[in-house]
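Peer 1: Right, I'll just put the structure down here and ask away after.
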Amino acid sequence: MNILNAQCTEKPQYADHTGGVEHPSASDQSEYAGGVSCPSELQFKIPSGLMAICLPIFIGVLSWLLIPQAQADNVGSRHKAIFMILDGIPADVIERVATPNLDAIAAIGGYHRAEVGGPIGGPAETPTVSAPGYMSLVTGTWANKHNVYDNTQLAPNYDYWNLFRLAKAAEPPLKTGIFSTWTDNRTVLLGAGMASAGNLTIDFVADGFETDATGFPHEADDRQIQAIDRHVAEEAARTVTLEGPDLSWVYLQYTDDVAHAHGDSAAFDTAVEVMDQLVGTVWTAVQTRAAAQDEDWLILVTTDHGRDSETGRDHGGQSDRERITWITTNSERLNSRFHGQPTIVDIFPSIASHLGIPIPLPVAESLDGRSFID
Ligand SMILES: [Zn+2]
């Protein structure tokens, strides 16, 4: 099924956020399809149209009354979500190393082991590799759908919508941000700016630093990547504080570099501790923003794959240690799926649930995950 072309059908249907399917109410349909009626839906969608169509009826006072409501609707939702991927940290490592900031988040919501890699031996089996993991997260599908099996020669199947495209299909469209130590996350995996990926725009962007040899010159052990991670986290925190994007992705890389170089080691543990500090940078901004603006923020932190048991240097296979990951979140709406066997593809519907945005039926039907947030 070509989901791409199913965006605005005459009578779109929606799924609930647990992955099940329900039919929309009449009001839901008109909201998604951008249908025009007079006057309620015109309040924020096409104010000029409001004037043209409704002026004879709502001349004067009524149109004046509608304008403040229009502005209020465009301010954005009270529900916000930010997810962070910390590259390549197996569950046993995140559980052993001191991570006070992740612990503080989990104390509000929860921590649980999770799984990547898809069903072993079936068509949806997915390499425990970075880009396939990110795609599984942002599309809620395994590699046999999103078509990303490695970190190179990327050819995502954009028919499977990502979270950011879903956010832009909401009415009004959500504000989005990406803060990343790998530019391809935005330009290739999400397909920002590509017609085939829905001409997606990201409102707040901080990436591309890995090619900035002046700002981040190469250091021993690729330590410039850690400096970039820090800069990316600080940019995310600054943007959360000032702009409060409705949906944000923070991607931090250095733990994977250290583990590839040194395997299970003191250096890897130290890199994990630094990652936790960067989580704290973002988490502090989220808490401050939520309190100041009375917003309901979801933070979700996870990893894209584990590592091999023998050395900790490698990943990509289907061993337990490569497949078993983890999720930490502040959500207080966690259901039995979170406390059972959550997987990386559950994150898409879970974030949609927190944001309260509808999932068009063709997208919902393609999802391989179910929401762990009620
Ligand atoms: Zn990775």
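Coordinate-derived values only; no laboratory data. This one's a predicted model, so the numbers in the text were calculated from it and none came from an experiment.
Peer 1: If you plug each phi of the range 143-149 into the Karplus form 6.51 cos²θ - 1.76 cosθ + 1.60 with θ = phi - 60°, what whole-Hz ³J(HN,Hα) values come out, in order, with x for Gly and Pro?
Peer 2: 5, 5, 9, 6, 6, 10, 10
Peer 1: What is the set of long-range amide H partners of Asp264 at a cut-off below 5 Å, with H atoms built 1.01 Å from backbone N?
Peer 2: Those lying under 5 Å, H to H, from Asp264 are Gly312, Arg313.
Peer 1: Through the Karplus equation 6.51 cos²θ - 1.76 cosθ + 1.60, θ set to phi - 60°, convert the phi angles of the range 193-199 into ³J(HN,Hα) values in whole Hz; use x for Gly and Pro.
Peer 2: Each residue of the range 193-199 in turn: x, 8, 4, 5, 9, x, 6 Hz.
Peer 1: Express as a percent, rounded to the nearest 5, the fraction of DSSP beta bridges in the range 79-366 (both residues included) that run antiparallel.
Peer 2: Antiparallel bridges: around 30 percent, rounded to the nearest 5.
Peer 1: Once amide H atoms are placed 1.01 Å from N in the peptide plane, what residues at a sequence separation of 5 or more from Leu154, or on another chain, have their amide H within under 5 Å of its amide H?
Peer 2: Answer set, sorted by chain and number: none.
Peer 1: Would you grab the residues whose amide H sits under 5 Å from the one on Met84? Only those 5+ places off in sequence or on another chain, please, with H modelled 1.01 Å from N.
Peer 2: Val250, Leu300, Val301, Thr302
Peer 1: For the range 363-368, in order, what is each residue's ³J(HN,Hα) by Karplus, 6.51 cos²θ - 1.76 cosθ + 1.60 with θ = phi - 60°, in whole Hz (x at glycine and Pro)?
Peer 2: Working through the residues one at a time gives 5, 4, 5, 8, 5, 9 Hz.
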